[in-house]
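Written below as structure tokens is the structure these notes are about.
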């Protein structure tokens with residue numbers, strides 16, 4: 001996610017390339033050989049050793065609230081209500097959800113969509129999250145500042161383009177409520193994995209300031225909530241939004257109990273200008289922040305290679321008890337706010353790689369939160385493919 005900026009016509013540092021290779025690449029090669037030998041999955045069938053067995057898809061929860069279209073960011077703003085409308089139409093076009101579309105008059109041609117036989121579990125409409133949960137990450141007085149801004153009529157909150165209307169805090173708490181309900185559904189075993197289709201997003205909001213369309217640091221608050229309620233020692237967050245998750249990093253940079261990995265376009269070419277590879281955390285958290293800046297123009301093959309050689313080995317070493325995903329889809333080739341070339345196929349592949357890894361250490365448990373993605377057709381199609389990846 002990012003505030004509005006002029007799209008660059010070419011990479012500003014064309015000599016930069018993704019960081020991969022060395023021991024991480026050897027690690028990935030060994031893993032791939034082992035998985036190929038022992039386990040291959042084909043839809044609901046899998047080869048384990050030399051035998052075919054039936055393996056049902058993972059039960060996937062889906063949480064949203066139609067009310068979130070009331071978060072009004074103004075005309076022409078990229079983080080607009082139609083983002084949610086597009087997602088809710090796309091999952092129904094793909095036959096993933098059978099309930100009526102709350103926005104039947106919203107029309108968007110997604111082209112040919114995959115038809116998914118396995119339905120996802122619609123979680124109940126969430127209540128706004130309790131305001132006290134925000135103190136798990138945000139500084140004292142943070143919420144009061146947003147309240148005052150809302151009571152004064154709202155407007156731009158950060159001097160850039162993070163917009164908050166009169167109901168902005170309410171919408172942010174409903175968005176957080178979606179994410180919290182996903183956490184509870186996974187941790188109590190109601191579903192194995194869950195996706196929060198909610199806005200406003202959260203990964204740019206820092207403990208002391210909103211920014212980048214984000215009011216509350218949703219995924220960071222959720223991680224702290226899970227640690228407190230369910231007593232987990234190790235949580236991993238993988239962020240593949242095209243913009244660096246500076247807010248999530250700020251929440252955990254001195255903490256070794258949360259591994260934060262961000263794959264993003266190089267900060268010298270894109271908002272928010274943070275996320276260099278030398279940013280690795282501080283004090284006891286040193287080494288538990290992993291930034292993987294990537295060259296503008298990277299597509300599916302580059303993302304896959306970085307995932308296999310850098311991200312998955314880090315997860316293997318950390319052995320998380322829960323995997324969380326900041327799922328931004330603005331690295332898509334059609335997205336207007338960045339310069340990457342990832343496709344629908346690429347987002348499903350990245351998700352499948354993470355989902356496969358999650359089976360090793362956290363019983364396949366994943367909580368995924370929507371972050372960016374600003375081309376409506378690409379967003380809807382990519383979310384469907386992300387959900388398909390989470391099912392397997």
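Legend: calculated FRET efficiency, residue 301 to residue 152, from the Cβ-Cβ distance at R0 = 56 Å, rounded to 0.05, equals 0.70. Calculated mean residue ellipticity, 222 nm, the chain: -10000 deg cm²/dmol, from DSSP H runs (n ≥ 4) at -39500 (n - 2.57) each, averaged per residue and rounded to 500.
Taking every alpha-carbon pair in segment 221-306 and binning the separations at 5 Å intervals from zero gives 3, 15, 25, 21, 17, 10, 6, 2, 0 percent.
Please report, to one decimal in angstroms, the Kirkwood hydrodynamic radius of segment 319-371 built from all distinct Cα-Cα pairs. All intermediate terms of the calculation are to be shown ahead of the outcome.
Details: mean 1/r = 0.0833 Å⁻¹.
Final number for the Kirkwood radius of segment 319-371 is 12.0 Å.
Over segment 187-235, the reciprocal of the mean inverse Cα-Cα separation, the Kirkwood hydrodynamic radius, stands at 12.2 Å. Among 134, 188, 274, the largest mean-square fluctuation in a Gaussian network model of the chain, built with springs joining Cα atoms closer than 10 Å, belongs to 188.
Pair-distance distribution of segment 152-203: all C-alpha pairs, bin width 10 Å, starting at 0; shares per bin in whole percent are 24, 40, 23, 13, 1. Note on the chain: GNM, Cα springs under 10 Å; of 231, 67, 147, the largest mean-square fluctuation is that of 231. Sorting 146, 120 by the number of Cβ atoms found within 10 Å of their own Cβ, with the fewest placed first, yields 146, 120. With a cut-off of 8 Å between alpha carbons and a minimum separation of six or more residues, what is the relative contact order of the chain in percent? After rounding, I find 21 percent. In the list (i) 22.3; (ii) 24.5; (iii) 20.8, the label attached to Kirkwood radius over Cα pairs in Å as derived from the coordinates here is (iii). With neighbour counts taken as other beta-carbon atoms within 10 Å, the residues 261, 325 rank, fewest first, as 261, 325. If you look at the Cα atoms of segment 58-104, you get an Rg and a Dmax of 12.0, 39 Å.
Label-to-label distance for residue 363 and residue 132 is 2.8 nm, based on points extended 7 Å past Cα in the beta-carbon direction.
Summary of packing: across the peptides 126-132, 289-295, 99-105, the per-residue average of other C-beta atoms within 10 Å ranks them, highest first, as 289-295, 126-132, 99-105.
A simple spin-label model places the labels of residue 105 and residue 231 5.3 nm from each other, with each point 7 Å out along Cα-to-Cβ.
As a rough footprinting exposure proxy, the listed residues 58, 278, 142, 230 were ranked by other beta carbons within 10 Å of their own, and the order from fewest upward is 278, 230, 58, 142.
Classify segment 292-382 as rounded, prolate or oblate from the Cα gyration tensor: take a ≥ b ≥ c as the square roots of its eigenvalues, call it rounded if a/c is under 1.5, otherwise prolate when a/b beats b/c and oblate if not. Mind showing how you got there, number by number?
On the way: a/c = 2.38, a/b = 1.61, b/c = 1.48.
Prolate, since a/c reaches 1.5 and a/b exceeds b/c.
Connecting C-alpha atoms closer than 10 Å in a GNM of the chain, tell me which of 245, 154, 380 has the biggest fluctuation. Evaluated over the chain, the most mobile residue of the options is 154.
Highest average first, the peptides 168-176, 248-256, 279-287 ordered by how many other beta carbon atoms sit within 10 Å of their residues are 168-176, 248-256, 279-287.
Any read-out appearing in this document is the output of simple, stated calculations on the displayed coordinates, not a laboratory observation. Note that this is a predicted model, so its numbers are computed, not measured. Note that we place each Cβ from the backbone using ideal geometry, even for glycine, and neighbour counts take in every protein chain shown.
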